[in-house]
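Student: Please find one structure pasted underneath; my questions will follow.
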Amino acid sequence: MDLPAWAWALTMAVLASVVVLDLVMAVRNPHKLSTKESASWAGVYIGAALVFGVIMFATQGATYGGQFYAGYLTELALSVDNLFVFLLIIQGFRVPAELQSRVLLVGIVLSIVLRGGFIAVGSVLIAKFSWVFLIFGAILIWTAIGQLRENAHEGEEGEEHYEQSRFMKFAESKLRVSADYHGSKLFARIDGVKFVTPLLLAMIAIGSTDILFALDSIPAIFGLTQEPYLVFTATIFALMGLRQLYFLLAAMLKSLKYLHLGLAAILGWIGVKLVMNGLAENQLPFINGGHHIEWMPHIPTTISLGIIAGVLAAVVLANWILLHRQGKSFKELFAESEAAMGAGAPEVAVAEK
């Protein structure tokens with residue numbers, strides 16, 4: 001793709017405006033989104049991504065349009081899986097319902113900044129060193145194996161809880177943390193002593209966790225397209241509606257089956273594809289004498305897009321069949337999930353000082 005500078009600037013300006021608008025809405029009207037409100041906004045963001053893909057098809061051709069859709073679907077599936085970790089963090093820090101939207105949005109903004117840096121670095125490395133494909137491929141295959149292990153042990157240990165990372169434990173050991181939330185304040189002065197509130201730690205936890213998420217999402221998108229513009233837009237579109245998807249899907253994720261298996265299949269496939277690309281453009285002297293492996297096949301984008309869409313459709317169909325056997329529908333599951341989140345919301349003292 002050979003896009004003019006104004007196309008990059010316009011895209012960055014529009015996406016930044018959407019993120020800023022979302023942030024302003026979350027700050028001015030902090031509340032827990034209802035299922036209807038979440039579904040409406042999530043539909044708007046998903047619809048915007050689909051329209052953007054059509055624009056790519058019309059202006060850049062089917063190859064780049066297909067690469068955008070493949071990347072977007074993969075990043076969206078990984079983001080949905082990450083929502084469960086967000087749920088554990090919010091429960092672990094006992095974030096009041098009216099502040100959860102703000103915590104999520106700040107964490108998502110941090111993730112956009114972090115992933116933007118990863119994308120820039122990844123683009124440079126791939127352009128100069130083809131062996132990076134092999135590293136990215138190995139990361140994805142290892143992640144896929146981890147997903148399979150997670151699925152195998154799912155439910156064996158009962159209800160999951162958030163376990164703080166070493167970074168968060170270090171932060172808490174070095175900072176004065178207040179016992180209660182103080183409205184939307186990140187810092188509070190108690191008896192003349194300045195404290196950080198749990199709200200700030202919850203935001204840091206979600207933002208820092210995204211560094212780990214990027215270890216599989218960024219190699220995955222580069223396995224589908226090496227065009228920085230498509231990598232950036234597909235990643236950002238997948239993150240933009242994540243706050244709304246959280247309130248729509250978070251509780252229901254506990255009832256969904258086979259998501260880890262689906263992600264394992266997608267990541268494993270992209271990992272193998274990356275390894276094949278790396279071998280086809282081989283520059284390592286200890287493999288094939290440093291020469292390209294000419295017989296290594298090239299996998300068209302249409303095949304990858306078909307596999308990704310097929311796997312996600314199979315996960316949805318499998319869950320529909322399970323619900324049908326239980327005499328339920330997705331609509332009823334949404335209602336039960338919303339009720340469960342409301343009933344399970346922790347009672348937290350929110351002091352204003």
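Student: Sorted from largest down, what three extents in whole angstroms do the Cα atoms of segment 1-153 have along their principal axes?
Tutor: Answer, in whole Å and largest first: 47, 43, 24 Å.
Student: Ranking request for peptides 268-279, 313-324: highest mean number of other beta-carbon atoms within 10 Å first, then the rest in descending order.
Tutor: Going from most to least packed, we get 268-279, 313-324.
Student: Quick one: which residues, 5+ away or cross-chain, put their amide H under 5 Å from the amide H of PHE195? H built at 1.01 Å from N.
Tutor: Here the answer is ALA188, ARG189, ILE190, since their amide H atoms fall under 5 Å of that of PHE195.
Student: Per residue, how much accessible surface does segment 11-84 expose to a 1.4 Å probe? Answer in Å², no decimals.
Tutor: So segment 11-84 comes to 46 Å² accessible per residue, rounded to a whole number.
Student: For segment 33-49, just list the computed ³J(HN,Hα) in residue order, Karplus coefficients 6.51, -1.76 and 1.60, θ = phi - 60°, integers in Hz, with x standing in for Gly and Pro.
Tutor: With coefficients 6.51, -1.76 and 1.60, one gets 5, 6, 4, 5, 5, 4, 5, 5, 5, 4, x, 5, 5, 5, x, 4, 5 Hz.
Student: What is the ratio of the Cα radius of gyration of segment 8-76 to 2.2 N^0.38 Å, where N is its residue count, to two decimals?
Tutor: 1.33
Student: Considering Cα pairs under 8 angstrom that are at least six residues apart, work out the relative contact order of segment 1-126 and quote it in whole percent.
Tutor: 37 percent.
Student: Of all the accessible heavy-atom surface of segment 1-75, with the other protein chains kept in place and a 1.4 Å probe, what percent is carbon and sulfur?
Tutor: 73
The values are calculated or read from the model by the stated rules, or taken from the named source; none is laboratory data. Everything quoted here is computed from the prediction, not taken from an experiment. FYI the Cβ positions are ideal-geometry reconstructions off the backbone, even for glycines, and counts take in every protein chain you see. Remember, those area values only see protein heavy atoms, side chains included, never the ligands or the DNA or RNA. Shrake-Rupley method; radii C 1.70, N 1.55, O 1.52, S 1.80 Å.
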